Amino acid sequence: MAQRPVAPAPAPVRAYQPDEHATPDQYAPGDFILTHNGGFQARLIRFGQSLRFWGADRKYTRWSHTAIIVSADGEIIEALGNGVVLNRLEKYRPTEYHLVKIDDIVAAPADRAQVAAFARWCLDQPYDWLTIVSIILSLLTGCKFNFGFDGQCICSGL
């Protein structure tokens, strides 16, 4: 009898409340954070997600933003309304965020380096508002047709 492949365990996730902060021994390049805020765009994203995510998946509608950790000292790259920028993880100290650790079973060190290199390559690209429109249409209608511009990013595209 053939054995089914065993899926890797879910990535460890640690919550940080306002004024708590991850230290460099708790993350590595290639890990990422999930966060949220009360801004208009964030509320719009959460509303759209709530149209499609039900049951056990509903808990994921809390998050409206992500950033990739690209250095051992806490540099992050994120796509914001003004484009893809380099910031520091400390920026999120006043905000709740969850750190998602990608372990070596899921991503080898070379994979992590490639994630960080891709995020750095995306620096200074404009924010892809057209992709946001595409996502809104998809969430409202269930349409599977997506569109956007090459050379532009949203946070989840990093």
>> Under 10 Å, Cα contacts only: if you run a Gaussian network model on the chain, which one of Gly148, Gly38, Gly74 comes out with the highest mean-square fluctuation?
In response: Gly38
> Of the beta bridges DSSP finds with both residues in the chain, what % are antiparallel, to the nearest 5?
Replying inline: 90
> Out of Tyr92, Ala107, Gly142, whose Cα points farthest toward the positive end of the dipole of segment 13-157 (charges: +1 Lys, Arg; -1 Asp, Glu; placed on Cβ)?
Replying inline: Gly142
>> Given a 10 angstrom Cα cut-off, can you work out which residue in Leu137, Leu34, Leu86 is the most mobile in a GNM of the chain?
In response: Leu137
>> Across the chain, what fraction of all alpha-carbon pairs, as a whole percent, falls in each successive 10 Å bin from zero upward?
In response: 10, 34, 37, 16, 2, 0
> Which of Thr35, Thr23, Thr95 moves the most in a Gaussian network model of the chain with Cα springs under 10 Å?
Replying inline: Thr23
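All of the numbers you see were taken from the coordinates with simple rules; none came from a lab. Being a predicted model, the structure only gives us computed values, none of them experimental. Neighbour counts are summed over all protein chains in view; Cβ atoms, including those assigned to glycine, are modelled from backbone coordinates with ideal geometry.
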